[in-house]
């Protein structure tokens, strides 16, 4: 398969691949064989795209650092044959076009390499910064304010315990934004005129591990005397006992200051409301559904909760109180 043929081959693959129901991956063999196994593209149960590169007799380590672009070395079975692969996947569907470019680059590089696994990982490293920059370009107002809200909560947690960077699980697409020691916290940012919050999926308002769950709604507005995201990230980094761990999580969000473009959008939190998500609070969870799960063929469920309902069930809370209760 030549470089000119690659776009058409990938287009055919993505057209026929569907998220699997009874397996981890649904795959499509490409016209490149390494070590007796096909290179493949695949989609997983979340419709995320993967590239699978067969490897053998190479000292390789995957790279699962928080990022939109990830890689792992794993054993997989296709057609009854078990083989070792580098599994490269894109965690952000909005970057699928860029991921196709990476696939083409990887396949061209490994076809002429005596160590295809090492060559593939080298290409991935070169593409990481592009993926982060592309994510930033697509970060709109709502996404920036959501990040500001989460970082505001994280800053408060770190003031209580500098070791709590790892409680910030929102960038890892966990059900809740924070998995603190005493409770889980889901953070929602709203503007002054917002009349609702959006809940994603049936796990976001669900309890687990016997811990209480708080829904924290922060009103985030522009304020010339407020704090920019650049300033807020610096404050969080200075508080964190593991600043490198924080930077890895921040990188996953897609935000980074662009060189030569100062961050001038200053924001502030004007209201913080905490709701104890208990049986009295209206929500959709597995127990709300007849089958205990979404019907077959339905996915990525989102729904709205009115802000009036949040205010009815919640109470204003200071960041200090919120952090103290969670630590």
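Bear in mind these aren't lab numbers, they're just calculated from the coordinates by the rules spelled out. Since the model is a prediction, treat every value here as computed from it, not as a measurement. Every residue, glycine as well, gets a Cβ built from its backbone with ideal geometry; the counts of neighbours run over all protein chains shown.
Points worth noting:
- Per-residue ellipticity at 222 nm from helix content only, as computed over the chain with -39500 (n - 2.57) for each DSSP H run of at least four residues, stands at -10500 deg cm²/dmol.
- For the peptides 285-296, 10-21, 238-249, residues were scored by their other Cβ atoms within 10 Å and the scores averaged per peptide; the highest-first order is 238-249, 10-21, 285-296.
- Gain upon complete extension [residue 181, residue 22; 0.36 nm per residue less C-alpha separation]: 53.8 nm
- With the convex hull drawn over the C-alpha atoms of the stretch 70-207, the volume per residue is 186 Å³.
- For the chain: span of alpha carbons on each principal axis (Å, largest first): 62, 53, 33
- Modelled label reach - residue 221, point 7 Å along Cα→Cβ, the stretch 263-285 residues with backbone N closer than 14 Å: 267-272
- Cut-off 20 Å (backbone N to label point 7 Å along Cα→Cβ of residue 308), residues of the stretch 178-203: 190-199
- Inter-label distance for residue 290 and residue 118, nm, one decimal - labels placed 7 Å from Cα along Cα-to-Cβ: 5.9
- Pairwise label distance in nanometres, residue 266 with residue 96, each label 7 Å out on the Cα-Cβ vector: 4.2
- Helix 243-253 axis, angle to the chain major axis (alpha carbon atoms, nearest 10°): 80
- Rounded tilt (10° steps) of 141-160 against the dominant C-alpha axis of the chain: 70
- Each Cα pair under 8 Å and six or more residues apart adds its sequence gap; the mean of these over the residue count of the chain is a relative contact order of 15 percent.
- Sites residue 81 and residue 11, calculated FRET efficiency, Cβ-Cβ separation with R0 22 Å, nearest 0.05: 0.25
- Degrees separating the helix 96-111 axis from the principal Cα axis of the chain, which is the longest one: 30
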